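Notes to accompany the following structure.
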Amino acid sequence: MSGGPDSLALAILADRWTRERGGELCALTVDHRLRSESGAEIRRLQGWLSARAIRHVVLAWSGEKPKSGIQEAARVARYRLLSGWCREHGCLHLLTAHHREDQIETHLIRRRAHSGADGLAGMSAIRELGDCRLLRPLLDFPKGRLLALLDAAHQPFITDPSNRNPAFERSHFREGDDAMPAAAELPALLAEIHTSGTSRVTRERDGNAFLAQAAHLHPAGFAVLDSGVLLAMPQEMAERMLSAVAATVGGALYPARRERIARLRDVLGAASCQGHTLGGCRFVRWRGRVLVTRELARASDPAPLTPGDSIFWDRRFHVTLPLDGATRLTIGYLGLAGVAELNRLAPRGWRSRLPRLLFPILPAVWDDNGIAAVPHLGYRSKRAGVSPRFIFRPVNPLTQAGFAVV
């Protein structure tokens, strides 16, 4: 809930819908603390929602703000706060007010940027986040319908000046010569977006079938690919699979560019291939397969852990330490120095079923005396107490809920 016309219309409609069905609704507002007037605007919004008996919660984006890329940083922070609230309160569905013009803008902006076929499908009506399901129930409705609803309900709204700031991509696009097409052109454009969406659904279904056949994810955060299947499948499908695996193992915010994925496929098909890095991952040929591991130079720094902590680390692992755990620990990747230390500490005859070239990228635990545990190798020092639990739950799952076309 920003207090703008779109989210206010959504709140009114969702409130009616949930009341008719005995459900519960809560409006969430993120205060980005980027404009001095945001506090007063939120108080106005609280008054409007209170008059409609709609529960309202304000979430603040605190801390230092970046000097560049502020819109993207704000978007990431917003969804982190929103999905985090949903997780903490057991709420499965998060609704946003994207409408038909937003969908058209997304398609046109991506077309101008020469996006691939998936990007031209626009926004999905349903998207699975790590903690909840994001729904866009207004995606097929024009903004004019929402404004008419507010007018009929005598509901005022807030206009955010940043929506007219040409420094931001969408605002700049709206002011440009290639902004929203004329009304007569909309039916053909909407049909094109719909066709792109249905084609994306087919590609995703076929891609998931190949992933099930050729890719295996390990709980330690690496992937194993069947190189024979990979190199035999159609080029577009192979590149799609490599992109998905790189996003999962590397945890990047955005997928790698198509030309870099195509280059990766060519490199992996070469007999002389020794290794290749892309998207925070390292791809290595190994015994007729391809190992996809985290690139240590791109990984998050080690993190402290105290009893009772539960953190999301390196955009890949949920790590929890029970209350009865050790008083002070550090988690990080084992690294080459850690492998050398482990070789000294491990008892004579100790072996692991994992290949040694994977050891540096495995999560490890340190206490004040050195390595306390390497859970995925089954190693734990004699002095170690209760160890943290690592769950590989990457921010980019290998497969996701299918694209939903409206």
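All of the numbers you see were taken from the coordinates with simple rules; none came from a lab. Just so you know, these numbers come straight off a predicted model, no measurement behind them. Using ideal geometry, Cβ is built from the backbone for each residue, glycine included, and neighbour counts are taken over all protein chains shown.
Is there a quick way to get the dipole size of region 108-150? I mean about its Cα centre, with the Cβ of Lys and Arg at +1 and of Asp and Glu at -1; what is the value in debye to the nearest 20?
Here region 108-150 has a charge dipole of around 240 debye.
Over region 286-406, what is the relative contact order in whole percent, taking alpha-carbon pairs under 8 Å and six or more residues apart?
Here the relative contact order equals 27 percent.
For region 12-86, compute the orientation-averaged projected area of the C-alpha convex hull (one quarter of its surface), in nm².
Seen from a random direction, the Cα hull of region 12-86 projects 5.7 nm² on average.
Per 10 Å bin from zero, what fraction in whole % of the C-alpha pairs of region 309-385 is there, up to the bin with the longest pair?
Percent of Cα pairs in each bin: 17, 54, 27, 3.
What is the spread of the Cα atoms of the chain along each of their three principal axes, largest first, in whole Å?
79, 51, 43
How much length is gained if the chain between THR330 and ALA404 is pulled fully straight, taking 0.36 nm per residue apart and subtracting their Cα-Cα distance, in nm to one decimal? Don't skip to the answer; put the middle values down first.
Working: separation 74, 0.36 × 74 = 26.64 nm, distance 4.15 nm.
Once the chain is fully extended between THR330 and ALA404, it gains 22.5 nm.
Calculate the spin-label point distance for LEU150 paired with THR18, positioning each point 7 Å from the Cα along the beta-carbon direction, and give it in nanometres.
The answer from the label model is 2.0 nm.
In debye, nearest 20, what is the charge dipole magnitude of region 287-406 about its Cα centre with +1 on Lys and Arg Cβ and -1 on Asp and Glu Cβ, if you could check?
Its charge dipole is roughly 640 debye.
Determine the calculated [θ] at 222 nm for the chain from helices alone, applying -39500 (n - 2.57) to every DSSP H run no shorter than 4 residues and normalising by the residue count; nearest 500 deg cm²/dmol.
-12500 deg cm²/dmol
Using alpha-carbon positions, what is the distance between the centroids of region 259-282 and region 293-372, in Å?
27
To the nearest 20 debye, what is the magnitude of the charge dipole of the chain about its Cα centre, counting +1 on the Cβ of each Lys and Arg and -1 on the Cβ of each Asp and Glu? Spell out each step's value before the answer.
On the way: 55 positive and 40 negative charges, 283 e Å.
For this selection, approximately 1360 debye.
Once R0 is set to 25 Å, what does the formula 1/(1 + (r/R0)^6) return for the Cβ-Cβ distance between ARG75 and LYS143, expressed as a FRET efficiency to the nearest 0.05?
On the way: r = 20 Å, r/R0 = 0.81.
With R0 = 25 Å, the Cβ-Cβ based efficiency is 0.80.
Residues with beta-carbon under 10 Å from that of ASP367, excluding ASP367: net charge, scoring Lys, Arg +1 and Asp, Glu -1?
Net local charge, ASP367 excluded: +1.
Work out Dmax and Rg for region 352-406 from the C-alpha atoms and quote the Rg first, both in angstrom.
When restricted to Cα atoms, region 352-406 yields Rg and Dmax of 16.8, 58 Å.
Just want the answer: with Cβ charges of +1 for Lys and Arg and -1 for Asp and Glu, which residue in PRO219, VAL229, ALA373 is farthest toward the dipole's positive end in the chain?
Farthest towards the positive pole: ALA373.
Would you kindly state how much longer the chain becomes between ALA53 and ARG298 on full extension, computed as 0.36 nm times their sequence separation minus their alpha carbon distance, in nm to one decimal?
The ALA53-ARG298 span can extend by a further 83.4 nm.
Work from the charge dipole of the chain (Cβ charges, +1 for Lys and Arg, -1 for Asp and Glu, about the Cα centre) and give the residue of GLY3, ALA364, SER124 farthest towards its positive end.
Of GLY3, ALA364, SER124, it is ALA364.
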